[in-house]
1. Relative contact order of the range 57-152, please, whole-number percent, based on alpha carbon pairs below 8 angstrom and at least 6 residues apart.
2. Heads up, I need the accessible area for residue 27: 1.4 angstrom probe, whole protein in place, Å², nearest 10.
3. Got a sec? Which residues in the range 53-72 would a label at residue 94 touch, if it sits 7 Å along Cα→Cβ and we count backbone N under 17 Å?
4. Between residue 164 and residue 113, with labels modelled 7 Å along Cα→Cβ, what's the label distance in nm to one decimal, could you check?
5. Taking Cα atoms, how many degrees apart are the long axis of helix 127-148 and the longest axis of the chain, rounded to 10 and kept between 0 and 90?
6. What FRET efficiency comes out for residue 65 versus residue 106 if R0 is 22 angstrom and r is the Cβ-Cβ distance? Round to the nearest 0.05.
7. How far, in degrees from 0 to 90, does helix 184-199 lean away from the longest principal axis of the Cα atoms of the chain, to the nearest 10?
8. In percent, what relative contact order does the chain have, based on Cα pairs under 8 Å that are 6 or more apart in sequence?
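The values are calculated or read from the model by the stated rules, or taken from the named source; none is laboratory data. Note that this is a predicted model, so its numbers are computed, not measured. Cβ: placed from backbone, ideal geometry, glycine included. Neighbour counts: every protein chain shown. Ligands, DNA and RNA are stripped out before the accessible areas are found, and what is left, the full protein with its side chains, is counted by its heavy atoms. Shrake-Rupley method; radii C 1.70, N 1.55, O 1.52, S 1.80 Å.
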Amino acid sequence: MKDFFSVVLWVIYPYAMLLSFFVGTFVRLKFYPASVTAVSSEMLEKKKLMIGAITFHVGIILAFFGHILGILIPKAFTDFLGISDEMYHMFGSLMMGTGAGVLALAGMIILTYRRFTNVRVFVTSSWSDLMVNVALLITIILGLASTLSGPLHPAFDYRTTLSVWARSLFYLQPKWWLMATVPWIYKTHVICGLAIFGFFPYTRLIHAIAIPYQYFYRRYIVYRRRPRV
């Protein structure tokens, strides 16, 4: 029974969320392109939005690519380059990961506070907008807590367990048993992160992959001053 729940959590659930992400994104971009927008509320409140959005986006982009590198680069490669485990965890995970996490968290706190306390922004927000803010805030807190709790788990190395499991999903040979020794804080962060991927296409988060390539070849918009009568 324990193995069954592990398979559900670390095999079926990840594939279900990834399938939802890719199929939902394709359907929305193909059949509902006009709905792909961030639904900006800048006209309702600008100062907190600018500070929070810039801080959050810088932090989350750094954290995203940090996750990609941490998952894709095997431990054997860094060992080959002569990078010790202590150096990798100190400079890669702890310093850079913490910096990115703090930026993302600070920005998300500002944006969440703004959305829930500014009356005009709140009443124009959908339930999905509110849930996205809360979900991102929880996931970022869990990720930052995972990074900072590393010294509390000296025997745990995510590059030989969690990262190998994540890569195995793309090989279609999921090594679910490797997640058995992963601390609960990391597991919770992974579960929440996968949930965000699964619901990504059905929220305003979809704007993150909408590249406005039309700007490169569209015709110029000519503005003319109204003549004085």
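1. On the way: 53 pairs, mean separation 35.0, N = 96.
Computed over the range 57-152, the figure is 36 percent.
2. That residue has around 60 Å² of solvent-accessible surface.
3. Counting backbone N atoms under 17 Å from the label point, the list is empty.
4. 4.4 nm
5. Rounded to the nearest ten degrees, it is 40.
6. Working: r = 19 Å, r/R0 = 0.85.
With R0 = 22 Å, the Cβ-Cβ based efficiency is 0.75.
7. 40 degrees
8. Details: 196 pairs, mean separation 75.2, N = 229.
Relative contact order here is 33 percent.
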